[in-house]
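These notes are about the structure you will find just below.
The values are calculated or read from the model by the stated rules, or taken from the named source; none is laboratory data. Computed from a prediction, not measured in an experiment: that's the story for all the values here. Note: ideal-geometry Cβ built from the backbone for every residue, glycine included; neighbour counts use all protein chains shown. For accessibility, only protein heavy atoms count, side chains too; no ligands or nucleic acids. Shrake-Rupley method; radii C 1.70, N 1.55, O 1.52, S 1.80 Å.
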Amino acid sequence: MISDESLFHYSLVAFYLIAPPTFISLMFLQAPYGKHHRPGWGPTLPPPLAWFLMESPTLWLTLLLFPHGRHFSNPKSMILMSPYLLHYFNRTCIYPLSLLQRSPSGNGKKTSHGFPLSIALTAFFFNLLNAYLQARWVSHYKDNYDGDGNDWFFWLAFFVGLFVFLCGMRINIVSDRELLRLKGEGKGYVIPRGGLFELVACPNYFGEILEWLGWGVMTWSWVGFGFFIYTCANLVPRAIANRQWYLDKFGGDYPKSRKAVIPYLI
């Protein structure tokens, strides 16, 4: 039977191997949900249910695995795991409730479609892999918790990363709320205005990229930075596609100076 250490190693290798094909494939074919919805992808789920189910492993699997780590009782490991759980409590519980509570008004144009079950399952299995790696690293395999001369580096990395993480989380949440507010007006898709929307098409994705960059710094690990790299591989192509979608739909009314996801760069 394969040992946990071997499983962890092979899972980490797989984590890095799936990033390049994800990036390349998404540059040519966008996942068919939201703006890019199209038929032919099989059965669908209501978006709030899809988001809850596919993101849920990040909570229940993390909480299931964490107590079995050798550093479980160390306060530093609990502190370090908290930002990850905070993000995914919002994404798994708060965000689906926000989708569910949104009630379009105005002329009642529908802007939401069913979420393909195939895409939700793909995300579910990725979140299983990711939750396993992050939880096992923080609670078991990370080795600089106990004042071995690197205690100062642990706290430096943690607080620098936490600052980046919280900045990104705020951008992500504020941008998501604005997009939900616009959808809730029932006027169909419109051009978002104000704040970071004046700089990029997808500030919500920019915020999430910042979050996982901060997480990589906090954990200072191949596991944490691997998640950051995969997040970029997943979100940058979709942001580029979203920007092109806005340009195609709104033509000259959409500000061409706006980048896709990274202000002034991409």
Under 10 Å, Cα contacts only: if you run a Gaussian network model on the chain, which one of Glu208, Glu185, Glu55 comes out with the highest mean-square fluctuation? Glu185
Distances longer than 35 Å among the Cα atoms of the chain: what percent of all pairs is that? 18
Cα→Cβ-extended label distance, 7 Å offset, between Trp60 and Cys93, nm: 1.4
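Rolling a 1.4 angstrom probe over the protein heavy atoms, how many square angstrom per residue are accessible across the chain?
About 49 Å² of surface per residue is accessible.
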Taking only Cα atoms, what is the 0 to 90° angle, nearest 10, from helix 203-219's long axis to the longest principal axis of the chain? 0
Between the Cα axis of helix 117-136 and the main Cα principal axis of the chain, the angle (0 to 90°, nearest 10) is 30
Theoretical ellipticity at 222 nm over the chain - DSSP helices of four or more residues, -39500 (n - 2.57) apiece, nearest 500: -20000 deg cm²/dmol
Pop out the carbon and sulfur fraction of the accessible area of the chain as a percent, whole number, probe 1.4 Å. 68
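Rounded to the nearest 20 debye, what is the charge dipole size of the stretch 18-167 about its Cα centre when +1 sits on each Lys and Arg Cβ and -1 on each Asp and Glu Cβ?
So the dipole magnitude of the stretch 18-167 works out to roughly 720 debye.
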Listed residues Pro96, Trp245, Leu65: farthest to the positive end of the dipole of the chain (Cβ charges): Trp245
Residue farthest toward the positive end of the dipole of the chain, with Cβ of Lys/Arg at +1 and Asp/Glu at -1: which of Val13, Ile191, Asn172? Ile191
Roughly how large, in nm² to one decimal, is the mean projection of the convex hull of the alpha-carbon atoms in the stretch 8-138? 9.8
May I ask you to order 234-243, 12-21 by the average number of other C-beta atoms within 10 Å around their residues, highest value first? 234-243, 12-21
What the Cα atoms of the stretch 120-194 span along the principal axes, largest first and in whole Å, is 59, 32, 13
Checked the stretch 36-80 with the C-alpha gyration tensor, a ≥ b ≥ c its square-rooted eigenvalues, rounded below a/c of 1.5, otherwise prolate if a/b is larger than b/c and oblate if not; verdict prolate
For a quick check of understanding: with a 1.4 angstrom probe and all protein chains in place, what accessible area in square angstrom does Leu85 have, to the nearest ten? 40
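Give me the extension gain from Tyr264 to Arg170: residue separation times 0.36 nm, minus the current Cα-Cα distance, reported in nm with one decimal.
Full-extension gain reported as 31.8 nm.
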With 0.36 nm assigned to each residue of separation and the Cα-Cα distance removed, His113 to Asn74 gains 9.5 nm
In 10 Å bins starting at 0, how do the alpha-carbon pair distances of the stretch 125-266 split up by percent? 12, 34, 29, 17, 7, 2
Radius of gyration and Dmax for the stretch 199-266's Cα atoms, expressed in Å? 13.7, 45
Stretch gain in nm, segment Tyr10-Leu128, where the contour uses 0.36 nm per residue and the Cα spacing is subtracted: 41.1 nm
Cβ-Cβ FRET estimate between His36 and Leu86, R0 fixed at 30 Å, reported to 0.05: 0.55
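About its Cα centre, how strong a charge dipole does the chain have in debye, to the nearest 20, once Lys and Arg get +1 and Asp and Glu get -1 at the Cβ?
Using only the charged Cβ atoms, the result is roughly 1220 debye.
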Determine, from the Cβ-Cβ distance of Arg177 and Ser3 and an R0 of 51 Å, the FRET efficiency 1/(1 + (r/R0)^6), rounded to the nearest 0.05. 0.70
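Quick one: if the Förster radius is 41 Å, what FRET efficiency do Lys256 and Asp143 give, using the C-beta to C-beta distance and rounding to 0.05?
0.25
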Between the stretch 227-257 and the stretch 183-219, what's the alpha-carbon centroid distance in Å? 11
